[in-house]
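Novice: Right, I'll just put the structure down here and ask away after.
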Amino acid sequence: MSTARRLEADAIVVGAGISGLIAARTLLTAGLTPLILEADDRVGGRILTEEVLPGLPVELGAQWIGDTHHRMFALADELGVQTYPQYDQGETSYDLVGSGVLRENDFHARFRDELSDLERVFRRLDELAAEVPPEAPWLAPHAAQWDAVTAGSWYDAQGLSPVARTLLEICTVGILAVPTVEVSFLHLLFTIQTCGVTAELFAESEGGAQTTRFVGGTAEIPKRLAAMVADHIVLDSPVQLIEHTADSVTVHCRGGAVATARRVIVAISPALAGRIMYDPPLPGTRDQLTQRVPNGSAMKAFFVYDEPFWRTDGLNGQLISDVGPARMSNDTCLPGDDHGVILLFLEGEQARTYGRLPQEDRRAALTAEVVRHFGTRAARPECYVDGEWSDRQWTRGCYNANMGPLVWTTYGQALAAPIGAIHWASTDTATFWSAYMEGAVEAGERAAQAVIDEMAK
């Protein structure tokens, strides 16, 4: 990959995540010369596959695609990356609102009446979300009303039983990676609208958005994309300053690299984009936006065993609980490998709280949780690994950039709108599966096509 210090291109792309790599490839295919400037020493952004045992990769970052992620399926096919279905045979283990540990059938039998209202709430969410234009949520008929309240306060007003309300909170935090009291209700409706219906998001069994995985690990996607534009990538080059006019940009990186081009696509999260200096300064609306769109908090913890013993007990490796550090888990074993792998999710407040603890304390608390749900064999893994995204210098948070109250209606128009020669592309700017890899592909294609159209003029 190129290491030149003074560089020229038709268009510069800031960030080598999925959006940036897709944008660069799209530009190259159109006959333009791209240049990707990546702060980290690797490509992939919030995709990170690590081998914890020989031949056993785990996904510390993005892991799944869903049945309606058509761009990602097409991309995987084009790149020669095979897929396989997520394992979900057996019962989920529940422990909610003092119920004690219950298997799925027993849990639903005990709380059938209390949980029945969830279907009513989901249908109402679908109805309201259908009124939100994904390309302009601030134009929804009741945008001002919905943006003035949090998702949590709307949930609280639905008259749900404690167990139903708790289950709804866990599922939503699993999507947004922040407590629902921090997110605008309009943003929740936008999220549902970009993903189809609540069934695509709120499936307790990790369905909908999480049905399919990649052979060899998710990192195969950015790795193979990067190989297609390898001569146009510069790693270890954090962008510090973007000087811009109506038809040119000069991008300065830490370490002295300077690149010039006619356009720049900033393909990193809004929060990180706001940390770059711009000359002349960007409009205040854009700067105010980036101060109000924080990345969510999430971490994954993996317990690796000699075999998936929970399967013989009729369990699917999933837990849903409000007791312990993790609120959800997943069987993340690899086909053809004998090891058993349990993935535990810590999101929102759980990630913030337990992410500050020493790893041995966090591991001890998580061990107690998996033993409670899956038995004493869960206390003896072959290895353990975890990772919290807020600690990563060039990410500073996980997969979601969330709008709090009044952000969409006040500043939302600045999220994806170009400013002169500067374009924005990250999954957060997508209008279909925003915050997912599918959205990252859409955002990269959209921004690149806008640059191609402008330069053709």
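Novice: Compute the relative contact order of the stretch 147-187 as a whole-number percentage, counting only Cα pairs closer than 8 Å that sit 6 or more residues apart in sequence.
Specialist: Relative CO of the stretch 147-187 lands at 68 percent.
Novice: Take the Cβ-Cβ distance between Val101 and Asp306 as r, set R0 to 25 Å, and report the resulting FRET efficiency rounded to the nearest 0.05. Intermediate values should be presented prior to the final figure.
Specialist: Numbers: r = 23 Å, r/R0 = 0.94.
So the FRET efficiency works out to roughly 0.60.
Novice: May I ask you to give the average projected area over all directions of the convex hull of the Cα atoms of the stretch 1-136, in nm² rounded to one decimal?
Specialist: Values: hull surface 58.4 nm².
Value for the stretch 1-136: 14.6 nm².
Novice: Of the listed peptides 442-450, 216-224, what is their order by residue-averaged count of other C-beta atoms within 10 Å, with the highest listed first?
Specialist: Top of the packing list down: 442-450, 216-224.
Novice: Describe numerically, in nm with one decimal, the distance between label points set 7 Å from Cα along Cα→Cβ at Glu243 and at Thr376.
Specialist: 7.1 nm
Novice: If R₀ is 41 angstrom, what is the calculated FRET efficiency for the pair Asp453 and Arg123, using the beta carbon separation as r and rounding to 0.05?
Specialist: About 0.50, to the nearest 0.05.
Novice: Same structure, new question: Compute the projected area of the convex hull of the Cα atoms of the stretch 210-335, averaged over all viewing directions, and report it in nm² to one decimal place.
Specialist: Average of the hull's projected areas for the stretch 210-335 equals 12.7 nm².
Novice: Take every Cα pair under 8 Å in the chain that's 6+ residues apart, average their separations, divide by the length, and report that relative contact order as a whole percent.
Specialist: This gives 25 percent for the chain.
Novice: Also, I was wondering about something else. Among Gly375, Gly387, Val407, pick out the residue whose Cα is farthest towards the positive end of the charge dipole of the stretch 353-457, where Lys and Arg carry +1 and Asp and Glu carry -1 on C-beta, about the Cα centre.
Specialist: Value computed over the given set: Gly375.
Novice: Continuing with the same structure: Using the Cβ atoms and a cut-off under 13 Å, what net charge is assigned to the surroundings of Thr33, where Lys and Arg are +1 and Asp and Glu are -1?
Specialist: Result for the neighbourhood of Thr33: 0.
Novice: Given labels modelled 7 Å from the Cα in the Cβ direction, how far is it in nm from Leu406 to Ala365?
Specialist: Modelled inter-label distance: 3.4 nm.
Novice: Which FRET efficiency value, to the nearest 0.05, do you get for Asp67 and Gln89 by plugging their Cβ-Cβ distance into 1/(1 + (r/R0)^6) with R0 = 22 Å?
Specialist: Values: r = 18 Å, r/R0 = 0.80.
With a Förster radius of 22 Å, E is 0.80.
Novice: If you don't mind, there's one more thing I want to ask. Using 0.36 nm per residue of separation minus the Cα-Cα distance, give me the extension gain between Thr260 and Asp391 in nm, one decimal. Mind showing how you got there, number by number?
Specialist: Working: separation 131, 0.36 × 131 = 47.16 nm, distance 3.14 nm.
Gain on extension, Thr260 to Asp391, equals 44.0 nm.
Novice: Given the Cα-Cα distance of Thr250 and Arg6 and 0.36 nm per residue of separation, how much length would full extension add, in nm? Write down the numbers at each step before the final one.
Specialist: Values: separation 244, 0.36 × 244 = 87.84 nm, distance 1.05 nm.
That pair, Thr250 and Arg6, stretches by 86.8 nm at full extension.
Novice: A further question on this structure: Report Rg (one decimal) and Dmax (nearest whole number) for the stretch 299-397, counting Cα atoms only, units Å.
Specialist: Rg then Dmax for the stretch 299-397, in Å: 13.3, 42.
Novice: How long is the chain along each principal axis, judged by its Cα atoms, biggest number first, in Å?
Specialist: The Cα atoms of the chain stretch 65, 53, 39 Å along their principal axes.
Novice: May I have the convex hull volume per residue, in Å³, for the Cα set of the stretch 1-65?
Specialist: So the per-residue hull volume is 121 Å³.
Novice: Mind listing which trypsin sites (Lys or Arg not before Pro) in the stretch 235-275 are in a DSSP loop and have 15 or fewer other Cβ atoms within 10 Å?
Specialist: In loop regions of the stretch 235-275 (DSSP not H, G, I, E or B), the sparsely surrounded trypsin sites (Lys or Arg not before Pro) are Arg254, Arg275.
Novice: Can I ask one more? Can you grab the distance from the C-alpha centre of the stretch 78-118 to the C-alpha centre of the stretch 298-345, Å, no decimals?
Specialist: 13 Å
Novice: Separate question: Once amide H atoms are built 1.01 Å from N in the peptide plane, which residues 5 or more positions from Ile36, or in another chain, come under 5 Å H to H?
Specialist: Long-range HN contacts for Ile36: Val13, Ile233, Val234.
Novice: Defining a contact as two alpha carbons under 8 Å apart and six or more residues distant in sequence, what relative contact order in percent does the stretch 124-202 show?
Specialist: Computed value for the stretch 124-202: 45 percent relative contact order.
Novice: Name the trypsin sites (Lys or Arg not before Pro) in the stretch 293-401 that are in a loop by DSSP and that have at most 14 other C-beta atoms within 10 Å, would you?
Specialist: Arg356
Novice: On to the next question. Given the Cα-Cα distance of Ala199 and Ser153 and 0.36 nm per residue of separation, how much length would full extension add, in nm? Don't skip to the end; give the middle numbers.
Specialist: Working: separation 46, 0.36 × 46 = 16.56 nm, distance 2.16 nm.
Contour length minus Cα-Cα distance gives 14.4 nm.
Novice: What is the percent of Cα-Cα separations in the stretch 140-220 that go past 21 Å?
Specialist: 35 percent
The numbers here are math on the coordinates, done by the rules we state, and not lab data. Everything quoted here is computed from the prediction, not taken from an experiment. Note: ideal-geometry Cβ built from the backbone for every residue, glycine included; neighbour counts use all protein chains shown.
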